[in-house]
1. Across peptide B:203-213, what mean number of C-beta atoms from other chains lies inside 10 Å of a residue's C-beta?
2. Using 7 Å Cα-to-Cβ label points, what is the residue B:135/residue A:25 separation (nm, one decimal)?
3. With angles folded into 0 to 90 degrees, how steeply does helix B:2-12 sit against the dominant principal axis of chain B? Use alpha carbons for both and round to 10.
4. Taking the mean number of other Cβ atoms within 10 Å as a proxy for protection, how do you rank B:95-105, B:125-135 from highest to lowest?
5. Only counting other Cβ atoms within 10 Å, I'd like B:251, B:340 sorted with the fewest neighbours first.
6. What does DSSP give for the protein assembly as shown in terms of the percent of beta bridges that are antiparallel, rounded to the nearest 5?
7. For peptide A:111-122, compute the average count of partner chain beta-carbon atoms within 10 Å of each residue's beta-carbon.
8. May I ask for the angle, rounded to the nearest 10°, between helix B:42-57 and the longest principal axis of chain B, with both axes built from Cα atoms and the value confined to 0 to 90°?
């Protein structure tokens with residue numbers, strides 16, 4: 001253990017809650033699970049910071065009221081210092097701070113959203129690629145199988161076709177294979193074109209949105 | 001010193017409220033300064049607290065602190081900080097400390113902080129002034145070419161004005177016109193070229209504000225801003241005489257390709273083994289050009305590796321594993337760049353295999369920041 005878990009000399013600060021380490025209980029002895037303890041420490045830390053800040057603003061408030069009473073005692077006539085310049089400034093700082101925190105949250109939300117959208121696009125793209133790969137593997141495999149069969153048939157049937165009947169059969173087989181390859185080609189083309197089409201569609205949409213964005217920027221710079 | 005440290009520990013308890021108060025105070029007193037900052041201040045606030053923590057904790061080791069402050073002073077030139085701003089910042093810093101110190105704030109403590117801040121500011125301003133004599137605060141860069149290599153990697157070609165001198169392996173911070181005040185580091189992917197063009201490899205990071213702007217086709221033809229070249233991932237000078245191992249994960253290739261070009265220009269290049277890794281074969285976005293170089297240079301071996309596609313014909317597995325099993329590199333100089341995790345893992349593996357620490361070169365700022 002590198003740091004003592006408790007320093008009796010000074011008062012506890014919130015950050016010590018996040019860095020504190022406890023000795024682990026020996027094996028076989030009962031102890032708390034680490035994760036829930038860490039989680040609880042995080043909650044206590046947040047609450048601690050909140051209380052520290054609350055105390056600071058209460059102290060400011062006490063100072064303000066004290067100034068007011070003192071000036072009332074001293075000044076007699078002017079009831080003015082209800083809200084001095086210094087108080088107004090602290091108030092302005094507080095208002096600007098909360099506006100800034102709101103703006104930060106908007107930006108963080110937008111970023112989280114865009115992160116989700118790109119992640120989804122990435123996954124979708126991986127799916128499409130995988131599907132295309134499987135499809136092409138399948139077509140290839142079947143074509144291979146067919147070709148092998150055809151070759152085997154041709155080998156077994158080594159005697160040249162002599163009769164009209166055999167010639168007709170061979171022509172039929174040839175016609176069949178031709179049709180078959182045509183069908184495959186058409187099939188593959190349709191699939192490829194489908195994929196290409198959706199890519200073009202996607203690109204068109206992206207270009208349009210880029211343009212829209214640019215026009216939006218122009219409009220903003222005009223007004 | 002002890003008084004400052006104790007006082008800082010007390011105000012630091014207020015967490016994010018501290019920088020929040022500081023910036024609001026600054027912007028109310030000097031509204032013109034607001035324009036130097038991005039819309040969201042969340043990251044900015046933690047940077048401020050980190051810098052304060054670093055300064056307060058290093059207050060005893062003067063040399064180290066001075067180097068840090070000088071870097072900070074130079075760095076702030078590109079953000080548009082000028083000497084006048086330092087007074088404004090000092091006043092708001094003191095107001096913030098006073099606000100959160102409550103009853104503990106005394107005139108003596110105020111004087112201590114004032115003196116400490118003046119010292120800090122004078123070091124930063126002096127280093128910024130010295131830097132002014134040497135180079136501009138930032139360069140204008142026109143994106144003259146945009147090439148989408150894969151789904152999420154783009155190669156940009158940028159013409160800086162004026163010409164920029166740098167060492168191969170160095171990086172610059174880039175600000176895109178559509179994401180004002182957000183700067184991210186990217187490495188130049190080639191040694192300085194005669195035509196002065198800079199090449200950058202940009203990977204789209206999910207939700208990454210700047211990388212998204214830079215990888216969008218709309219970036220072509222626009223003008224970006226470039227900070228000064230920085231970074232220590234450069235060839236050791238004078239040359240060590242050792243052979244070289246380059247390990248690049250994804251767009252971490254950029255600085256290593258620049259180094260490779262520098263090596264190629266030498267009279268007698270050492271042996272170089274370059275490992276280039278990505279998740280899928282598709283992610284090896286620059287393999288063609290690397291293989292061309294390998295065919296041209298007998299001293300160069302390029303090994304592509306893919307971690308998430310077992311059908312890949314070359315090496316498969318995590319890049320650190322591939323590097324470790326492909327040879328004994330302990331007598332080489334190693335240069336590594338890529339995702340932080342991959343770099344750290346490779347460093348650990350090389351160290352275990354007996355490579356001395358001083359032969360391992362990495363960049364220590366987040367080039368891969370979104």
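1. Values: counts 0, 3, 2, 10, 11, 4, 5, 0, 1, 4, 0.
The shielding value for this peptide is 4.
2. 5.9 nm
3. So the helix axis and the longest Cα principal axis differ by about 80 degrees.
4. Numbers: B:95-105: 17.9, B:125-135: 14.1.
Result, highest mean Cβ count within 10 Å first: B:95-105, B:125-135.
5. Fewest to most other Cβ atoms nearby, the residues stand as B:340, B:251.
6. Antiparallel bridges make up about 55 percent of those DSSP assigns within the protein assembly as shown.
7. 4
8. Approximately 80 degrees, to the nearest ten.
Laboratory data are not the source of any read-out in this text; all were calculated from the coordinates shown. Since this is a predicted model, take the numbers as computed values, not measurements. Note that each Cβ is placed from the backbone with ideal geometry, even for glycine, and that neighbours are counted across all protein chains shown.
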